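The values are calculated or read from the model by the stated rules, or taken from the named source; none is laboratory data. Bear in mind that the values here come from a model prediction, so they are computed numbers and not experimental data. Here the Cβ is made from the backbone with ideal geometry for all residues, glycine too, and neighbour counts use every protein chain on show.
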Amino acid sequence: MSETPAGSGIDIDDYEDVWVFIEEHAGEVMPVSWELLEEGKKLTDKLGQDLVALVIGEDIDDVAEEALERGADRVLIADDPVFEPYRADPYGAQFRAMVEDRKPTIVLIGGTHTGRDFAGRVAVPAHAGLTADVTEIDVDEDGLLQARRPAFGGDILATILCEDHRPQMATIRPGVFEAGERDADVEIDDDVITSVDVVVEESDTLSEVLEREVGDTADITEAERIVAVGAGVEGDLEPAVELAEALGADLAASRAAVDEGWIDGSRQVGQTGKTVRPELYVAIGISGAIQHIEGMNKSGTVIAINNDPNAPIFEHADYGIVGDFATVCPELTETLRERDG
Ligand code: FAD
């Protein structure tokens, strides 16, 4: 049974500041953290509140400094060996304790495997409102977080408000916002970095990491060039792979191609895949369904190769080539190779 009755039990005025979770693993920060920090500034400018970076891990002073150099007003750090490598139970317990103790009004977390894994462990016991897989954020005139995300199969964008509970939490898709620049000249006062009490001990944790094995996963969200294949290639990836090599591009796919098992799911672009914003996106044998477009419409130059002149993808392309991919791709690859010697 919930201890806090729905719609009451807390004084919303007790909650202030926007928190951004800075996700790091062994000193490496996930790019989405800096994207959220940049976007979080827009919210704090409107709210007139502080932007607070939250760093959990081991030996994370450098990460805390970088967060300040990227625009955080303050940093909270929970530094302890229990947090490395990541496990959901110590992270969730620590994060929840900090939220309950310090009462932020908004908490932004990257929608990575890690963020999705532990966000619920904070939101449910803290009686917070959590919107998952958000693609746009803003605050309204009452200071409420407007968390937008695709709904009904991607046909509409729903705006979700959490009026009665705090904090207002959101997990946000990597790649939808741009990270800001780091300013190494920022002067850092000692009082802007706060080490919080670590509330978890190794003996409290339920899980132990014995081994880490990483399969064929790829981070296409950071790619500058992408060659993506769809159902139209009918399992013949070779022409696209060669073109990708000639362009120095990463390979990606529509859901149809992933569902067929031609390519790993970590390379799927779209509503239920990744959001990408490369300089160049080449779509091969992809029809241009709205759920796919949603993941690539922030790309720079889009080139579509499709044998159907009426394929919707051409409406989203800067250059369209009507033809069979099996002929068009090798011609392009050949031209590029000749050009590059
Ligand atoms: P198709 O629509 O089958 O298109 C194949 C294209 O290849 C056609 O345009 C055809 O003209 C062309 N073609 C055929 N032969 C050739 C040839 N020889 N040479 C050149 N072109 C050729 N989809 C995603 O991609 N990403 C998502 O994240 C995603 N999420 C979804 C979430 C929901 C809730 C739902 C309902 C759907 C989602 N989809 C997603 C699926 C989406 O609706 C489409 O079904 C899918 O994108 C179609 O993939 P496709 O374009 O590769 O295949």
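What the table below lists for this structure:
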| read-out | value |
| --- | --- |
| Sole residue being over 30 Å from the mean Cα position of the chain (by Cα) and surrounded by fewer than 21 Cβ atoms within 10 Å (Cβ to Cβ), chosen from T335, T301 | T335 |
| Strands (runs of 3 or more DSSP E) (entirely within region 16-112) containing at least 3 residues that are within 25 Å of C162 (Cα to Cα) and hydrophobic (A, V, I, L, M, F, W, C) | 18-22, 51-57, 106-110 |
| Test for I305: is it closer than 30 Å to H113 by Cα and free of Cβ contacts under 8 Å to residues at least 40 places away in the same chain | no |
| Complete set of residues in region 272-291 that are in contact (Cβ under 8 Å) with a residue 24 or more places away in the chain, of a type outside the set (A, V, I, L, M, F, W, C) and over 18 Å from A240 (Cα atoms) | K274, T275, R277, Q291 |
| Residue within region 98-114 that is farther than 16 Å from Q271 by Cα, among the acidic types (D, E) and surrounded by fewer than 22 Cβ atoms within 10 Å (Cβ to Cβ) present | yes |
| Among (1) among the acidic types (D, E); (2) surrounded by fewer than 19 Cβ atoms within 10 Å (Cβ to Cβ); (3) at pLDDT 95 or above, the one test that D89 misses | (3) |
| Output for region 259-298, where each listed residue is surrounded by fewer than 18 Cβ atoms within 10 Å (Cβ to Cβ), under 16 Å from the mean Cα position of the chain (by Cα) and charged (D, E, K, R) | K298 |
| Some residue of region 323-339 being modelled with pLDDT of 95 or more, outside any helix (DSSP H, G or I) and within 14 Å of the ligand (Cβ to nearest atom) | yes |
